[in-house]
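Below is one structure, written out as structure tokens; comments come after it.
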Amino acid sequence: MSEDRVSSGPSTDMSAFRELFAKARNIVALSGAGISAESGVPTFRGAGGYWRTYQATQLATPESFAANPSLVWEFYHYRRELMGSKHPNAAHKALAEFEARLKPQGRKVTVVTQNIDGLHHKAGSQDIIELHGSLFHTRCTSCSQVLENRDSPICPALKDRGAPDPDAEDARIPVSELPRCSECGGLLRPHVVWFGEALDSVVMDRAQSVLRSCDLCLLVGTSSVVYPAAGFAPMLATRGVPVAEFNLEETPVTGALTFQFKGKCGETLPPAIALHPSEQTA
Ligand code: BJW
Ligand code: ZN
């Protein structure tokens, strides 16, 4: 009897991946902060994940906002202002082109992103689910109204504030001078999902729906440690859906996946999803 090896982890065979993608009809790209790293947007974990002396994840909590809304607004103000000079990179653009190319073939590409930076929109992707909200939306802590807001600065008191420099002045801005609701005067907060907060149920339902019909998943630039998003790829893999990870390094889910393409996703993703000879080009 032959002693065929049971698969010992993900494959790195790009042609095998391309054969699968050529047949897939409902593709989901699940992205995280790493996809924007090559655009110069800091990630959350690791060396790049600090703002002043804080790990970025420390500030992404309702407790931090309750204790020091001025500090948390400085952090988000800094990130909003930073995005003015940041542009989609080759990975964002490849996904947008992929969606546009497959659409006339009756095939669907949906971006499910944990990012709030808006770079998938800027790149031209159309079908996008923003799991963790958006830097450019606010929510009133009193009346709950959600509004798009691209003002720069978002309020006069935040002008020239938010420098990441650890020596930056961190005198608190009075709450009355932080962004306020135009309807009821309540304190605004970034319309993002912090640790311990539930994801918007409509957004979550949309994500679950595309995951149900997904027949190929690209897992791009996420550490796969934050739930519920961290559970999506393993759940698909358990169902037998091929998942290809594009990351600089291994993550806790790598071993459960079908393909692993190590490296900068701006370099690995575009050739992986480039036009396949079998595609009909009308
Ligand atoms: C590159 C690259 C290059 C770099 N190319 N790659 C089950 C088990 C355990 C815990 C939980 C659980 N369910 C829920 C929890 C708790 C918690 C959680 O997951 N904690 C874990 C940390 C243990 N989850 C929650 O609290 C969630 N809420 C929830 O589940 O609610 C339940 C509930 C129900 C009913 C009532 C109440 C509650 C909410 C999570 C919200 C996360 N929010 C943040 C902030 C969003 C706003 C903002 O951006 O400021 O989301 S935290 C932060 O982490 C942000 C990110 O979207 C998220 C994920 O990070 P990401 O994108 O993976 O980035 P990094 O930096 O971690 O990784 C970058 C990766 O890129 C690395 O792997 C690099 O190698 C790679 N990379 N350059 C390719 N060029
Ligand atoms: Zn209000």
Under the rule rounded for a/c under 1.5, else prolate if a/b exceeds b/c, else oblate, using alpha carbon gyration tensor axes a ≥ b ≥ c, the stretch 160-231 is classed as oblate
Dipole magnitude (debye, nearest 20) for the chain, charges at Cβ of Lys, Arg, Asp, Glu: 560 debye
How far apart, in nm, are the 7 Å Cα→Cβ label points at V225 and A16? 2.9 nm
Sort M14, M204 by accessible area with a 1.4 Å probe, largest first. M14, M204
Ranked order, Y227, Y76 - accessible area, probe 1.4 Å, largest first: Y227, Y76
Quick one: Karplus J couplings for the stretch 138-144, per residue in order, coefficients 6.51, -1.76, 1.60, θ = phi - 60°, nearest Hz, x for Gly and Pro? 10, 9, 7, 6, 9, 9, 6
Report, in whole Å, the centroid distance computed from the Cα atoms of the stretch 65-93 and the stretch 178-209. 16 Å
Sort 160-168, 188-196, 50-58, 29-37 by the packing proxy (mean of other Cβ within 10 Å over each peptide's residues), most packed first. 29-37, 188-196, 50-58, 160-168
Farthest toward positive dipole pole in the stretch 138-264 [+1 Lys/Arg, -1 Asp/Glu at C-beta], among F195, C140, L219: L219
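Counting only helical runs of four or more DSSP H residues, what would the 222 nm mean residue ellipticity of the chain come to if each run contributes -39,500 (n - 2.57) and the total is spread over all its residues?
Value at 222 nm, helices only: -8500 deg cm²/dmol.
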Towards the positive end of the charge dipole of the stretch 1-122, with charges on Cβ (+1 Lys, Arg; -1 Asp, Glu), say which of P10, L102, T57 has the farthest Cα. L102
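What pairs in K23/K262; K103/K262; K86/K159; K93/K262 have C-alpha atoms more than 25 Å from each other?
Among K23/K262; K103/K262; K86/K159; K93/K262, the Cα-Cα distance tops 25 Å for K103/K262.
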Cross-link reach list, aspartates and glutamates versus K264, counting only Cα pairs under 18 Å and skipping chain neighbours closer than eight places: D13, E38, E245, E249, E250
Note on the stretch 215-282: alpha-carbon gyration tensor, axes a ≥ b ≥ c; rule is a/c under 1.5 for rounded, else prolate if a/b larger than b/c, else oblate; result oblate
Honestly the chain on the Cα gyration tensor test (a ≥ b ≥ c root eigenvalues; a/c under 1.5 rounded, otherwise a/b vs b/c for prolate or oblate) is just prolate
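The values are calculated or read from the model by the stated rules, or taken from the named source; none is laboratory data. Please read these numbers as outputs of a predicted model, since none were measured by experiment. Glycine also receives a Cβ, built like all others from the backbone with ideal geometry; neighbour counts cover every protein chain displayed. Areas reflect the complete protein model, heavy atoms only, side chains present, ligands, DNA and RNA absent. Shrake-Rupley method; radii C 1.70, N 1.55, O 1.52, S 1.80 Å.
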